1. How long are the semi-axes of the equivalent ellipsoid of the stretch 81-124, defined as square roots of 5 times the Cα gyration tensor eigenvalues? Whole Å, largest first.
2. Give a residue-ordered list of calculated ³J(HN,Hα) values for the stretch 229-236 (Karplus: 6.51 cos²θ - 1.76 cosθ + 1.60, θ = phi - 60°; whole Hz; x for Gly, Pro).
3. Would you please give the residues with an amide H less than 5 Å from that of Val225, counting only those at least 5 places away or on a separate chain, with H modeled from the backbone geometry?
4. When you have a sec, figure out the Kirkwood radius of the chain from all distinct Cα pair distances and drop it here in Å to one decimal?
5. State to the nearest 20 debye the size of the charge dipole of the stretch 229-274 about its Cα centre, where the only charges are +1 on K and R beta carbons and -1 on D and E beta carbons.
6. Using only Cα atoms, find the angle between the long axis of helix 199-217 and the longest principal axis of the chain, and express it within 0 to 90 degrees, rounded to the nearest 10.
7. Residue by residue through the stretch 181-191, what is 3J(HN,Hα) from phi via Karplus (6.51 cos²θ - 1.76 cosθ + 1.60, θ = phi - 60°)? Round to whole Hz and write x for glycine and proline.
8. According to the Cα gyration tensor, what semi-axes, each the square root of 5 times an eigenvalue, does the equivalent ellipsoid of the stretch 17-132 have, listed from largest to smallest in whole Å?
Amino acid sequence: SKRVAVLTSGGDAPGMNACIRAIVIACETKGYTLIGYLHGYNGLLNQEYETLSLNATHNLIQQGGTILHSARCEAFKSHQGAKDAAKNLQALGIDTLIVIGGDGSFKGAQHLSTCWDGQILGIPGTIDNDVAGCDATVGYYTAIDTAVSSIDKVRDTADAFERIFLVEVMGRHAGFLALNAALASAADYVIVPERFDNEQQELERIINQIEARRKLKGPVSFIVVVAENVWPGGLNTLAERLSSHMQSEVRPVTLGHVQRGGSPVSQDRLLATKLGTYAVGLVGTEKTLIMIGEVDHHPVEVPLKETWAYTKPLDECSVETMLATMNQRY
Ligand code: ADP
């Protein structure tokens, strides 16, 4: 009978628990032993783990975060780190390691394979959706919802005071979250790294939009969604520049870590459950160093190396739709 280990690594994301739950159930069904390493790759280095059985799955699917805890781990990146991790996996007789995380965690998994010849499977889990080879990562849909409900609230007060608000949304170096949260909350403007020209041009476009609206309707509220790490100098710099041009207050709001938390929406639960179950189905096959993702509602197996080989493009249809609404003078 196979011995399987699972860990969650990097930024936590809603739905990681749903994925762990699916893996526990699939392993029970197959008669595999399952352990969960704690704190990402730290658990591998410190041989810190717990046995996972059906008891662990009670009330789990709806919980945010991850019961295995997540972490970053600098020590694991060295050759010695991979060697120590391999030794610990061998000591426990692990056949298959499942890593739930982002592309950094997948690089870590690839790095481990230089010292360990067991089977390695990845499942994409991050709110940023910045993993190539899959339509969506576990946690992404929930994060859009969280950002949208926050932007809705900002809009209430923006409308009441006819103010300009800048709302910073997470995404590391990708604009998926910002773009789709902006679209779903009917924000007035979005700034994403994939389409960022330069500061002056963006600033002019925003000012033109606001002025055109003011001409038409008098005082208006205006919400600009800004992806993190895009604007040089950060959100406050943009707020200062904009407010000096507009002769009105511009309020910066950073949504921050609330976007990583919360109970996963159904889309994330379903994705996590399907991917976790599919991964366990591959245990014991020759397939290794692959990510299990979903494309067009079908499971796909993608070499880990391809998940960071290129920058995943934004969904073109969302881009076009947002651009069309941004150019409206309503
Ligand atoms: P994410 O998985 O969310 O992208 P990180 O980029 O923080 O998160 O990576 C998580 C962990 O994966 C790191 O703390 C490190 O232990 C491991 N890791 C990341 N990149 C590498 C790499 N190039 N080589 C080895 N391990 C890595």
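1. Equivalent-ellipsoid dimensions as semi-axes: 17, 11, 8 Å.
2. Couplings: 6, 9, 7, x, x, x, 5, 5 Hz.
3. Val167, Asp188, Tyr189, Val190, Ile191
4. 20.9
5. The dipole magnitude comes to about 240 debye.
6. Once rounded, one gets 50 degrees.
7. 5, 5, 5, 6, 9, 6, 5, 8, 7, 9, 10
8. Largest first, the stretch 17-132 gives 22, 17, 13 Å.
None of the figures in this text is laboratory data; all of them are computed from the coordinates on show. If you're wondering where the values come from, they're calculated on a predicted model, not measured in any experiment. Don't worry about glycine lacking a Cβ; one is built from the backbone with ideal geometry, like all the others, and counts go over all protein chains shown.
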